[in-house]
């Protein structure tokens, strides 16, 4: 049985398409299995963040699992395209840390993903789209190819920005509870480090992201880092205005020897008032935001529901005459 020459490009494109699907499906399954296994270990064995950090630091990158091979492949690509300027690299490193990626090879993996998508999207269009879509002019094909290349280059940046914002919002949601617990612990006679450790344990079930950041602060304190530097690192990792203000308050309180409980109580009241004012500001902006949906979607339906029956009756009456 001979294959017609005209169908050879179509078969190659179909095979390449299914290979790409299987590749990304494999990536998803590996990520899902790792997440499930880690959550089960946390629940069964009660693994702490210190144990996880120790395992992550002692496990070699060239481990015998699928994720190690994939990360090594992406890292090898990223080493060739990662920014060489120290300022750009530091900015990327800071963005990844704010998103929760703290490993040393995170920037190279990120840029490796960008480089892979930069080549994969145009190649997929050229191999698959040209044969399944109606033939287009070369200029249109070139424009779509360039558009897909730009999309592959900037999609990881958009994903990183969304992940960072979601993480910051989750920390903002848990910050009032953490501040109230911190005030209670300090007023009960606990020291600052012990209070932060206790707050991180209490928030482990309700806000795991903030709990991990506070636990990392405790690890840095155990490693011998000065308190003001550990607080500054904590604020830089989270990169939220409220946390910057809180860490500055704690550092100044520790430096000048003022009452920690009183300072936290004043800041807690100020923070609560600030949140209340932000809520009022959002409520004041709501009528302006609702104006266009009301005009475009709700008022036409109300107009049809109210005036429609009367218009039909008038039309019937005029038709009879």
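The values are calculated or read from the model by the stated rules, or taken from the named source; none is laboratory data. Just so it is clear, the model here is predicted, and its values are computed rather than measured. Neighbour counts run over all protein chains shown; Cβ positions are idealised from the backbone, glycine included.
Looking at 229, 241, 212, can you tell me which residue is closer than 18 Å to residue 267 by Cα and assigned by TED's automatic domain parsing to the domain that holds residue 265? After ruling out the rest, the residue left standing is 241. Where helices (runs of 4 or more DSSP H) fall entirely within the range 220-299, those with at least 2 residues that are more than 22 Å from residue 182 (Cβ to Cβ) are at 260-293. Go through (1) buried (at least 18 other Cβ atoms within 10 Å of the Cβ); (2) over 24 Å from residue 192 (Cα atoms) one by one and return the number of the condition residue 281 breaks. In the conditions (1) buried (at least 18 other Cβ atoms within 10 Å of the Cβ); (2) over 24 Å from residue 192 (Cα atoms), residue 281 misses (1) alone.
So that you can scan it fast, the table gives a plain yes or no per residue for (1) in a helix (DSSP H, G or I); (2) within 23 Å of residue 165 (Cβ to Cβ):
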| position | (1), (2) |
| --- | --- |
| 78 | yes, no |
| 83 | no, yes |
| 90 | yes, yes |
| 101 | no, yes |
| 104 | no, no |
| 110 | yes, yes |
| 118 | yes, no |
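Residues satisfying the criterion are present in the range 167-175 (criterion: closer than 30 Å to residue 88 by Cβ, free of Cβ contacts under 8 Å to residues at least 12 places away in the same chain and either under 28 Å from the mean Cα position of the chain (by Cα) or not assigned by TED's automatic domain parsing to the domain that holds residue 251 (or both)). For the range 17-33, the set of residues classified as farther than 17 Å from residue 113 by Cβ and touching a residue at least 12 places away in the same chain (Cβ under 8 Å) consists of 17 only.
The residues on offer are 265, 275, 237, and the sole one that is closer than 27 Å to residue 188 by Cα, touching a residue at least 60 places away in the same chain (Cβ under 8 Å), under 25 Å from the mean Cα position of the chain (by Cα) and surrounded by 12 or more Cβ atoms within 10 Å (Cβ to Cβ) is 275.
Tell me, yes or no, whether the range 50-62 has at least one residue that is under 24 Å from residue 220 (Cα atoms) and at pLDDT 75 or above. No, that holds for no residue. Note on the range 200-233: residues that are within 21 Å of residue 90 (Cα to Cα) and either in contact (Cβ under 8 Å) with a residue 60 or more places away in the chain or under 18 Å from the mean Cα position of the chain (by Cα) (or both) total 2.
What do you reckon, is residue 155 over 16 Å from residue 271 (Cα atoms), touching a residue at least 24 places away in the same chain (Cβ under 8 Å) and touching a helix residue (DSSP H, G or I) at 6+ places or on another chain (Cβ under 6 Å)?
Judged against the criteria, residue 155 is not a match.
Consider residue 119 carefully, then state whether it is surrounded by 18 or more Cβ atoms within 10 Å (Cβ to Cβ) and farther than 30 Å from residue 272 by Cβ. Here the answer is no, as residue 119 does not meet what is asked. In the range 180-191 there is at least one residue matching the filter, namely being closer than 17 Å to residue 234 by Cβ, modelled with pLDDT under 90 and not in a helix (DSSP H, G or I).
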